[in-house]
Amino acid sequence: MPLDHFKQQTVEIKSGDTLALYTDGIIEAEDKAKNPYGLDQLKKALVHHRNKSAKEAAHLVVREVKTYNKGENKDDIMLMLFNIK
């Protein structure tokens, strides 16, 4: 894949922010009708659980993804959340 396919961007991370790292298995998880979980739904789930610890929020979001795709993972599912102090 050519390097010009990737873009570089600088983002300032401040105290109180949460950094989310995830694999494509999260956003590409499909329901029975083959609809992907998607980035928008991931964002909504992260906002919904924003008042929980990073560990608890990550666990809940992964559980929601597995419920969404009825546990039929076709790819790895990994989510790491970091609450910036």
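Sparsely packed loop sites in the range 1-82 (the chymotrypsin sites (Phe, Trp or Tyr not before Pro) outside DSSP H, G, I, E and B with at most 13 other Cβ atoms within 10 Å) comprise 6.
Any of 14/34; 14/43; 43/66; 14/70; 43/85 with alpha carbons more than 27 Å apart? Name them for me.
14/34; 14/70
Each of (i) 18.9, 58; (ii) 22.5, 74; (iii) 14.3, 41 is a candidate for Rg and Dmax of the Cα atoms in Å; the one calculated from this structure is (iii).
Within the shell defined by Cβ-Cβ distances under 13 Å, the residues around residue 57 carry a net charge of +4, with Lys and Arg each +1 and Asp and Glu each -1. Spatially, the range 61-81 and the range 30-45 are offset by 10 Å when compared through their Cα centroids. For residue 13 and residue 83, the difference between the fully extended length at 0.36 nm per residue and the C-alpha to C-alpha distance is 24.2 nm.
The residues of the chain expose, per residue, 80 Å² of accessible area to a 1.4 Å probe. Apolar share of the accessible surface for the chain: 53 percent from carbon plus sulfur atoms, 1.4 Å probe.
The values are calculated or read from the model by the stated rules, or taken from the named source; none is laboratory data. Only a predicted model underlies this, so the values are computations on that prediction, with no experimental measurement involved. A quick note on method: Cβ atoms are made from the backbone with ideal geometry, for glycine too, and the neighbour counts reach across all protein chains shown. Quick note on the areas: whole protein, heavy atoms, side chains included, nothing else; ligands and nucleic acids left out. Shrake-Rupley method; radii C 1.70, N 1.55, O 1.52, S 1.80 Å.
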